[in-house]
Amino acid sequence: MGRPSRRVRTLLMTLGVLAVLAMLFVMFAGFWTDWLWYRSVDYSSVFTTTLGTKVGLFAVFGLLMAAAVGFNIWLAHRLRPPLSAMSMEQQNLDRYRMGIAPYKKWVLLAITALVGLIAGASASGQWRTWLMYVNGVPFGQKDPQFHLDVSFYAFDLPWYRFLLAFGFAAAVLCLIAAAVTHYLYGGLRVTSPGARATGAATGHLSVLIGIFVALKAVAYWLDRYGLAVKSSDFKAAGNWTGLRYVDANAYLPAKTILFCIAVICALLFFSTIWRRTWQLPVIGFGLLVLSAILIGGLYPAIVQKFQVEPNEQAKEAPYIKKNIDATRTAYGIADADVQNYSGQGDSAKLADQRKAADSAASYRLVDPNVVSPAFQQIQQERKYYQFPATLDVDRYTGPDGKPQDTVIGLRELNINGIPKSNWINDHFTYTHGYGAIAAKGTTPVVSSGGGKTIGAPDFTESGLPTTGALPTYEQRIYYGEKTEQYSIVGGPQKELDYEKNGEKTTSYAGKSGVDLSNPVNRAAYAVAFNEPQMIYSGAIGEGSRILYNRTPKERVEAVAPWLTIDGDAYPAVVKGRIQWIVDAYTTTNGYPYASRTTLGDTTEDSLTDNQRAVVAQQNQVNYIRNSVKATVDAYDGTVTLYQWDTEDPVLKTWMKAFPGTVKPKADISPDLLAHLRYPQDMFKVQRELLTRYHVTNASQFYSGSDAWQVPDDPTNKDSNAVPPYYLSLKMPGQTDQRFSLTTTFTPNGRPNLGAFMAVDADATSPDFGKIRVLRVTSNVQGPQQVQSELNGVDKVAEFVRNLRGTDSDIEYGNLLTVPLGGGFLYIEPVYARGGSANYPLLKKVAASYGGGKPVFEDSLTKALNAVFGAEGTEPPSTTPPPPGDTTKPPATGSTALKQAIADAQKAYDAGQEALAKQDWTAYGKAQDELQAALRRAAEADAAAGTSEKPGDKPSGSTPAKPDAKPSGSATEKPSTGT
């Protein structure tokens, strides 16, 4: 076959050049789009600092590794013996040397470039370690063993360990490269008799081994300090961090002795430069290995077996105390106020406690984890809108001017619900959600008046566009938890705003997003998003901007990659805008003596699997602070970071590394401050640690006699931890309610209540973050026991049977725990779901107090009256009076009695007809009329003196029960035959 023609060669060369250019443009597109995005959110300094640090580390350590390996190859080549001195074995390698000789420079460059690239890439991943090392701020706290500032362990020691690992890698690679070169050029012999190495090769390789051993000596010295942050299993404490008795009295002196031996051994290897013999270095190395086995392994095992185990509690007590103190400080639980609390209550003062119960808490009957389907069906308006599966709890000012617990959710865009899916609809037409929907957290709708559904949420902000109690605000939601696709806005293509009496359109006027009018930008995004239509689509033109990275967590993580993000961002209306509030944490795993925890595991509960995002980071930490409060504007995506913990040294370190990215705490406006709260994931971490670290006595901690556990959620079938609940309540000693985050504990392995924990979650409170723990001193029912006993109540069984006749299911809401009068009051809303309204409706309220039998009533007031056996203050009704002839004077005589009975029968029949149609509004109206008719019948009967009782059955009929619930009460769904 002949050589290809010039035209073919030119074509192939052109295609090759184009392929290279295409690859380069793909690489450029990723870099360029990242730069454009960071510039669009005004955090370009984060991009440049991160990129500059990565490039710097890549270059420095890549060049160092390449230079070290290249120098040793060159030196081994220079030290090669003359050809005449080579053995037959080496002469047989001559053809390999001859083959390499013409290309040896290129081979050297290729090898050094390869190891340099690998080393540089590895080093660039240490950019966080480097920035923390060079910007580290002292903690002002010293470890109890070496008396060094905590910053040494958090910021310095990780960098030293990286340098040490890099040094080991360089020494090993250099040793391998030098040995191979010496072998190829005759400096080493493997199979030939006689000397194994030339003097030059011996000296060279000995120096490299000596460097390796010297690095091992440094490792032994650093390992001494590493004991303060070493994790180990300790049966008394589980996951243990820090020194124990055997560490302080065996490992620590062993590491010091091994350091000295390693230094001597390294000097022996260096001495071969002059002695040209391996004898002493080999003896020294053997001594080092033997010492590592005997001193570093066997001796500590003997100490543990014969000194510690016979009297472990006494030996370990001082170290357990250090671990307790460090752990409580590192997790911010050192100041937790733990006080004893009976939990039984005073049965002689039930009447007083009934009165106190009205103000003990704002009982949140609307469970944000249950009522999302009600928001979805009542307020969705269009299929292309959606609400989160778990709604949020916040505080807004009520009609009385006081903060009111409010359940809130945003009506976000649901791209899967648009009528017709195509590229234009998905990314140009349907671009945003619309409006915040809010409901009272404490009172559902309990009346059929005004066309509202019994048991549904009482909305304070609703409709499309929304109206109600919230101040006027920008309702368009371009950035949200469900908004994961990109949108292109602001150009020739109009966006659907909302549909209400006709279709409304809009064009985005915000400042966020990246300009696509530039052809280079369009091409870069077409490559980055694998969407070629971006290049030629007529829907993109002057003013077009692309919005992406649209979830609040994504945006905060991108502009602050050094933060750990809470799993629950929540919305708040602040100064006319919807702001997503994101809690962020600074963490480290280098706090001496503090036990470690895995964030992803610790923050998981019965709601996180399907309804809430778990904290993404699965790394272990042993120090955490809620140092930053971040906001993301739901309209223009503006990300703002605020310093929250002004004393946190980790945050101060990152603020030095990224100056200007975090605003001072003083910049938080009062309107925003009113909506800030204590974060759930931080609370979960602290409650998990408090299951063991509420104990401060070392002996008691060792025995584990007072260990707690977080109970499983009794309202959930899955055996996962109960979630913490936001609730406004009064703790013992407080005179007013505080917005709090609460949880319960049970003794380890037992179902009864062990403790109750609450933290002041109101950011405007002077006691914000104050943890209060009530340690229960008597035998009190725990959540699972209360739930189990409730399930056995006759009224519950009857309620469930009645639901089966209406194709409905029972659904339990959050089981709230409130300390009251020395005891604990349990309140649980109970929902029915099914029938014509396929969403949860509040039907009953369960209550239990002081170990008494749970009650199951139609409303909170009735439940409290029943559980305490006393009347409370009935809240004023805000619903219209029940229909019926109640304004006229009561009729008298047998005629009036017959008419009243006839009206009762008519109302009963109407109720049964409404029941068959699942029309609960009509059913409620019929029940009101039935009640009025029965009352008139009783009055007429009393006036006439007749012997027929109003409750007697009319001929041929089965009337409703005389105690049918009037309008204004929370009734359950009735069943046929009630």
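Hey, could you check the stretch 556-591 for residues that are under 15 Å from the mean Cα position of the chain (by Cα) and over 27 Å from residue 34 (Cβ atoms) and say which is modelled with the highest pLDDT?
570
Which numbered condition in (1) touching a residue at least 60 places away in the same chain (Cβ under 8 Å); (2) part of a helix (DSSP H, G or I) is the only one that residue 700 fails?
(1)
Let's see how each residue does on (1) over 28 Å from residue 767 (Cβ atoms); (2) at pLDDT 95 or above:
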{"position": "628", "(1), (2)": "no, yes"}
{"position": "642", "(1), (2)": "no, yes"}
{"position": "650", "(1), (2)": "no, yes"}
{"position": "662", "(1), (2)": "no, yes"}
{"position": "668", "(1), (2)": "no, yes"}
{"position": "674", "(1), (2)": "no, no"}
{"position": "688", "(1), (2)": "no, no"}
{"position": "699", "(1), (2)": "yes, no"}
{"position": "714", "(1), (2)": "yes, no"}
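Could you count how many residues in the stretch 472-485 are under 19 Å from residue 424 (Cα atoms) and modelled with pLDDT under 95?
Total meeting the criteria: 3.
Could you tell me which residue of the stretch 321-346 is nearest to residue 732 (Cα to Cα), considering only residues that are of a type in the set (Ser, Thr, Tyr) and touching a helix residue (DSSP H, G or I) at 6+ places or on another chain (Cβ under 6 Å)?
Ranking the candidates gives 331 first.
Would you mind stating whether residue 758 is out of contact with any helix residue (DSSP H, G or I) (no Cβ under 7 Å at 6 or more places or on another chain), assigned to a strand (DSSP E or B) and of a type in the set (Gly, Ala, Ser)?
So residue 758 fits the description; yes.
How many residues, within the stretch 405-427, are over 16 Å from residue 486 (Cβ atoms) and crowded, with 21+ Cβ neighbours inside 10 Å?
Counting residues in the stretch 405-427 that are over 16 Å from residue 486 (Cβ atoms) and crowded, with 21+ Cβ neighbours inside 10 Å gives 7.
In the stretch 1-48, how many residues are outside any helix (DSSP H, G or I) and either at pLDDT 90 or above or not basic (Lys, Arg) (or both)?
So the count comes out to 7.
Within the bounds of the stretch 324-342, is there any residue that is surrounded by fewer than 23 Cβ atoms within 10 Å (Cβ to Cβ), of a type in the set (Asp, Glu) and in a loop (DSSP other than H, G, I, E, B)?
yes
Residue 501 passes all but one of (1) modelled with pLDDT under 90; (2) polar (S, T, N, Q); (3) not in a loop (DSSP other than H, G, I, E, B); which number fails?
Among (1) modelled with pLDDT under 90; (2) polar (S, T, N, Q); (3) not in a loop (DSSP other than H, G, I, E, B), the lone unmet condition for residue 501 is (3).
Taking the condition of being touching a strand residue (DSSP E or B) at 6+ places or on another chain (Cβ under 9 Å), of a type outside the set (Asp, Glu) and surrounded by fewer than 20 Cβ atoms within 10 Å (Cβ to Cβ), how many residues in the stretch 497-508 meet it?
The qualifying residues number 4.
Tell me, please, whether a residue that is surrounded by fewer than 19 Cβ atoms within 10 Å (Cβ to Cβ), among the basic types (Lys, Arg) and modelled with pLDDT under 90 can be found in the stretch 217-230.
no
Return yes or no: is residue 196 surrounded by fewer than 19 Cβ atoms within 10 Å (Cβ to Cβ) and either modelled with pLDDT of 95 or more or under 30 Å from residue 324 (Cβ atoms) (or both)?
Details: surrounded by fewer than 19 Cβ atoms within 10 Å (Cβ to Cβ): yes; either modelled with pLDDT of 95 or more or under 30 Å from residue 324 (Cβ atoms) (or both): no.
Criteria not met by residue 196.
Before we move on, is residue 550 in contact (Cβ under 8 Å) with a residue 40 or more places away in the chain, closer than 30 Å to residue 683 by Cβ and in a loop (DSSP other than H, G, I, E, B)? Step through it out loud before you land on a result.
Numbers: in contact (Cβ under 8 Å) with a residue 40 or more places away in the chain: yes; closer than 30 Å to residue 683 by Cβ: yes; in a loop (DSSP other than H, G, I, E, B): yes.
The answer is yes for residue 550.
Looking at 291, 342, which is the one that is touching a Gly at 6+ places or on another chain (Cβ under 9 Å), over 30 Å from residue 627 (Cβ atoms) and of a type in the set (S, T, N, Q)?
Answer to the check: 342.
The values are calculated or read from the model by the stated rules, or taken from the named source; none is laboratory data. All values derive from a computational prediction rather than experimental measurement. Positions of Cβ are generated from backbone atoms using ideal geometry, with glycine treated the same way; all protein chains shown enter the neighbour counts.
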